[in-house]
1. Can you run phi through the Karplus equation (6.51, -1.76, 1.60; θ = phi - 60°) for segment 99-112 and list ³J(HN,Hα) in whole Hz, with x for Gly and Pro?
2. Nearest 20 debye, what's the magnitude of the dipole of the chain about its Cα centre given +1 on Lys and Arg Cβ and -1 on Asp and Glu Cβ?
3. Amide H of Gly390 versus every other amide H placed in the peptide plane: which residues, excluding those fewer than 5 positions away on the same chain, fall under 5 Å?
4. Using only Cα atoms, tell me the angle between helix 3-16 and the longest principal axis of the chain; keep it within 0 to 90° and round to the nearest 10.
5. Ranked by Cβ crowding within 10 angstrom, fewest neighbours first, how are Arg337, Arg332 ordered?
6. Would you kindly state the longest site-free stretch of the chain, with sites defined as GluC sites (Glu not before Pro) in a DSSP loop (not H, G, I, E, B) surrounded by at most 10 other Cβ atoms within 10 Å?
7. As a footprinting exposure proxy, order Val413, Val199 by other Cβ within 10 Å, with the fewest listed first.
8. For segment 166-284, what does the alpha-carbon gyration tensor say about shape, rounded, prolate or oblate, given a ≥ b ≥ c as the root eigenvalues, a/c under 1.5 as rounded, and a/b over b/c as prolate?
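Here, each number is a calculation from the coordinates, and none is a lab measurement. Every value quoted in this text rests on a predicted model; they were computed, and no experiment measured them. In this analysis, Cβ positions are derived from the backbone assuming ideal geometry, glycine residues included, and neighbour counts consider all displayed protein chains.
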Amino acid sequence: MNVVLVCVLWASAFLFQEPARPTTEQPAEAPAAVQKAENGEPPAAAAVQSPLPRSSFDPIKPRPERTAEERAKFVEELRAAYAKPSSEWPAPTVDPGVEWKEVGLLPKPEHPADNPHSKEKENLGKTLFFDPRLSGSGQLACASCHDPDLGWADGRVSSFGHARVPLARNAPSIRNTAYQPTLFWDGRAASLEEQAVQVLMNPSEMRADPADVTTVLGEQPEYRTQFKSAFGDEAVTIDRVAKALACFERSITSGRSRFDRFAAGKPETFTDSELVGLDLFRRDARCLNCHSGPAFTDGKFHNVGLSYYGRKLEDLGRYQQTKAAADVGAFRTPSLRDITATRPLMHNGLFELPGVLNMYNAGMPTLRPKADQLDDPLFPKKSPLLRPLGLNRQDLGDLQAFLETMEEPRQRVWSPDLPGLHKSRLSPAVLK
Ligand code: HEC
Ligand code: HEC
């Protein structure tokens, strides 16, 4: 074997097995197990190897790859089909009863009647977003965990909260939250305003005392002026802090990705692989059943098999809010825009994109009850919208190529000047 070939094999092994988290339960290896099963080994092998607890995958044999000639012909058909307006694109594969919307350009975000947009409020919200004085410790800003340099997330499996306590879930990006009907992975906040208050007060997160925060901010003349221009008078209240933060968050949206250029009527933007990937996403890979509409989410809750029910990493998701058995292990469908910038993925941050695609291809894990769980009314049920797909390697590469087109171009977002604390960039003299 020559050196080049060895390198390629070595690199491709890592592409499909990126480790996500050093834990005793090693759940991040699941995709590797699926990868094996998908390559034709019997499902039992996947079940044995799967570190996902008492779960198994039931992959089906991958369909044959297209020859170069077949692919060229198929691409030609797709080019013609997708050059048309999206209302004339091939019908997507969605199950009966599923409400879906076509993917495409995001509309302008809507601001609620009780918190209308103004540039002054948005700017105040940006300053507050970067200000650590919003936290009880004076150390944590919203931007600590929603960092613009990291796709407005934090690049971690799960975040560190107050006093560096590890939190249970992966920090989502705040980009495009304007389009989510509920906030948090389990939808426990009904608006961005409500969400901001919850995170400020949460003792594990920012642990703020509202009286302290408003006093500290109100002591700064520059803040008082900013509150006046945003709200009409100088009063600094938690309600106004939340409104300004929410107003700012609604201004962080996607719209400059290659996908957006494609959707804006430039089909030539996509390579063949990306175009085939879009078609797979809408049809054979069945993704549009849940990731639909311009933000690539139906805003609903689904169990995709990652509840870790009865295990150390158990997360009951939406059930914690509704107490409905059907919601055990259900999480709100995340947007798929810019996910390449916000890895690792999923509510627990345990997965990388190739692993996620392998798991979907195998129908996602199915939990198997232990003997004493057979009559457990809360035993989680996976969404019936998920099923083994039988996609081959060519398909998976195309699907990934398409998802990558949603990456937003990187933009330098400078931290704003924080009143009374510091100017946005320390001068070399200060750094000495
Ligand atoms: C210590 C890290 C940390 C800090 C600080 C933090 N967040 Fe978060 N944020 C998270 C995590 C983790 C979640 C997901 C929690 C969950 O879903 O249960 C989250 C969720 C969110 C969401 C919901 C996103 C969605 O898709 O539903 C918004 C919006 C948000 N945070 C905004 C803020 C704002 C505004 C602040 C400052 C007031 C803030 N965050 C401070 C870690 C943090
Ligand atoms: C049954 C609804 C459903 C279907 C069908 C579905 N998804 Fe998901 N998807 C979800 C939910 C819910 C989550 C979050 C689950 C969690 O964290 O436990 C998710 C998470 C993801 C994530 C991680 C995003 C992030 O920010 O962490 C990716 C990537 C993804 N899905 C891609 C796909 C692709 C590609 C397809 C088609 C092959 C697909 N999904 C089909 C509901 C679905």
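1. With the stated coefficients, segment 99-112 comes to 7, 9, 10, 5, 6, x, 6, 6, x, 5, x, 8, 9, x Hz.
2. Around 300 debye, computed over the chain.
3. Under 5 Å from the amide H of Gly390 lie the amide H atoms of Ile60, each far enough along the sequence or on another chain.
4. Long axis of 3-16 versus the principal axis of the chain: about 60 degrees.
5. So the ranking, lowest neighbour count to highest, is Arg332, Arg337.
6. It works out to 111-432.
7. So the ranking, lowest neighbour count to highest, is Val413, Val199.
8. Prolate, because a/c is 1.5 or more and a/b exceeds b/c.
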